[in-house]
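Worksheet: the structure to be examined is printed underneath.
The values are calculated or read from the model by the stated rules, or taken from the named source; none is laboratory data. These figures come from a predicted structure and were not determined experimentally. Every residue, glycine among them, receives a Cβ derived from its backbone with ideal geometry; neighbour counts consider all protein chains shown. Heavy atoms of the whole protein, side chains included, go into the accessibility calculation; ligands, DNA and RNA do not. Shrake-Rupley method; radii C 1.70, N 1.55, O 1.52, S 1.80 Å.
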Amino acid sequence: MSTSAPAVEPPGPQFNIAQHLLAANTCRPNKAAFVDDLGSVSYGQLDERVRRMAASLRALGIKREERVLLLMQDCNDWPVSFLGAIYAGLVPVAVNTLLTADDYAYMLEHSRAQAVLVSGALLPVVTAAMIKCDHEVQKVIVSRPQAPLHPAEIEFETFLQSHGPAAKPAATGSDDPAFWLYSSGSTGRPKGTVHSHANPYWTVELYGKGVLDLRETDVCFSAAKLFFAYGLGNALTFPMGVGATTLLMAERPTPDATFKRWLGVDVDPHGAAPLPPEGALAAPGDPAPHRRVKPTVFYGAPTGFAGMLAHPHLPQRGEVALRLVSSAGEALPAEIGERFQRHFGVDIVDGIGSTEMLHIFISNLPGKVRYGTTGWPVPGYEIELRGDDGRGVPDGEPGDLYIHGPSAAMMYWGNRAKTRDTFQGGWTKSGDKYVRNADGSYTYSGRSDDMLKVSGIYVSPFEVEATLVQHAAVLEAAVIGVIDHDGLTKTKAFVVLKAGAQATEDELKAFVKDKLAPYKYPRQIEFVGDLPKTATGKIQRFKLREMSPPENAHAAPAPQRPLGGG
């Protein structure tokens, strides 16, 4: 299905997305652009700091299109780092903050990163990664260090002030590489997904403005972190595209942490001072009192919404200022959306995007939400459902989802086979199966592979299985997704122990957590005598799924699907 695109002028052949977003806000230099737990940065300050970062990175001798690794918790230094590298014509590689030293060692080698921008809290894991690999890192720039730094490390603010602001951006083109995001796959290492300078421009225009109708007066807050494609749009490119303010949060988006922001944050209107304690008044001589703001736009994921609705201290409708709520990352059970709407009077606008497409390409619409579906194609994107023969399928029948749109990634770095398989003549193969309904909306019906999405983050069952069998007591293992009482997916492992061996569920969970990123561990483990297999020895996962019915038999299954972070 094709949809007509809004009247959006494409960017010119010479285009730098960082410069474009900064230039869009020169008219509001004193307005808070980003607010974190320690303070705020105005659009005027952001412009200067981004250009200082660009000059300082170039002074290290890093050349155009070389990569810098960005491993940072969400804070005001994140957009300065990301945009500063792009402004200089360098390519930031924004990576998940929840991974292991082995993961980062691979990414450092694969990207050939010349510098690392890292939060002080994450410096130990980066240091461990650098010991493990043959890297090319020249300098480690540390935001908010927590311990004395070594000679090859430099404090973020010191580095930023080492050079004056760059006078002009690098003369990049709209089709030049701008940044990478890593996308996980069902097998093998994560794939370095390369996005151009034009790609964020299109997602801002087609989705941020065209569908969500974001406004300059909005205060945006995203539970999805900036290193996700979803979070990058939510909390950086979309709000900057319209001149809104973004609240950033370094900690995990627990219900308590989320509610604290929903109920209001004190912001210095001049963007210069740290945030005062909650409820504090302006100090004598302050040019203006601190202003308490509440998010008007919230971006979350179904697991988070389920946790919030079950929380004993869920805020009341009159305590929040939400006018728009977005969901992505995994399937949104209709019951969660309906309960949220009844409580807050605001619909959850659910959609699907991917790391490869950068943001959402099928979505419900503000004022037009059909719970239980993913919605309708975003204007400017074309959608096709294809059968095994490559031809289109009729309405009501599942088909493989293909997308055609201007924000598709350029390639997977150094992976020609996967690039050819995913990016096919202008169309991007998503790896999802969908059904088109009579009203033109789309309903998710499963993955084309065995990948799982747990709390909005991909988990490869093969990776977890391969880790479990490293335990001395484990003979075989198989991992599937099971539906919990909220209709959301959790991982479950079926484990066959070696003859005479013993192991407990907690022991195996801890073993996986020690070797993989902690979020990948199986939430349930069931010990079995053997695994169901085909005649050729392939595990029959459908039989394992039959052995694990949903916790709530009345809950419609919520299959996995991807969004933005890989």
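Below are the figures for this structure:
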| read-out | value |
| --- | --- |
| Packing-based ranking, highest mean first, of 470-476, 153-159, 16-22 given that Cβ atoms within 10 Å are counted | 16-22, 153-159, 470-476 |
| Amide hydrogen neighbours beyond the local backbone of Thr172, cut-off 5 Å, H modeled | Phe15 |
| If the convex hull is drawn through the Cα atoms of the range 448-495, its volume per residue in Å³ | 80 Å³ |
| Residues of the range 299-337 with amide N under 17 Å of the 7 Å Cα→Cβ point at Ser548 | 331 |
| Tensor-based shape of the range 479-550 (alpha-carbon gyration tensor, a/c under 1.5 rounded, otherwise prolate or oblate) | oblate |
| Distance-filtered residues of the range 444-464 - backbone nitrogen under 15 Å, label point 7 angstrom along Asp388 Cα→Cβ | 448-449 |
| Efficiency of FRET from Cβ geometry, His313 and Lys418, R₀ 35 Å, rounded to 0.05 | 0.15 |
| Over the chain, relative contact order from alpha-carbon pairs under 8 Å, at least 6 apart, % | 14 percent |
| Coarse-grained scattering of the range 276-431 at q = 0.08, 0.11, 0.13, 0.18 Å⁻¹, given as base-10 log I(q)/I(0) from a Debye sum over alpha-carbon atoms | -0.37, -0.61, -0.76, -1.09 |
| Heavy-atom SASA rank of Ile131, Ile480 (probe 1.4 Å, accessible area, largest first) | Ile131, Ile480 |
| Accessible surface of Tyr521 - all protein chains present, 1.4 Å probe, nearest 10 Å² | 50 Å² |
| Relative contact order %, the range 324-374, counting alpha carbon pairs below 8 Å whose residues are six or more apart | 36 percent |
| Where Lys490, Lys418 fall by accessible area, highest first, once all protein chains stay in place (1.4 Å) | Lys418, Lys490 |
| Percent RCO, i.e. relative contact order, over the range 417-457, from Cα pairs under 8 Å lying at least 6 residues apart | 26 percent |
| Per-pair calculated FRET efficiency, R0 = 30 Å: Phe259 and Glu505 via Cβ, rounded to 0.05 | 0.40 |
| Efficiency of FRET between Ala59 and Val469 - r from beta-carbon atoms, R0 41 angstrom, step 0.05 | 0.25 |
| Helical contribution to [θ] at 222 nm, DSSP H n ≥ 4, -39,500 (n - 2.57), averaged over the chain, rounded to 500 | -6500 deg cm²/dmol |
| Where Glu66, Glu546, Glu330, Glu507 fall by accessible area, highest first, once all protein chains stay in place (1.4 Å) | Glu546, Glu507, Glu66, Glu330 |
| Globularity ratio of the chain, using Cα Rg and 2.2 N^0.38 Å | 0.96 |
| Portion, in percent, of the accessible area of the chain that falls on carbon or sulfur, probe 1.4 Å | 51 percent |
| Estimated vicinal HN-Hα couplings, Hz - the range 486-492 in sequence order (Karplus 6.51, -1.76, 1.60; Gly, Pro = x) | 8, x, 9, 8, 10, 7, 9 |
| With DNA, RNA and ligands ignored, accessible area of Ser222 (1.4 Å probe; Å², nearest 10) | 10 Å² |
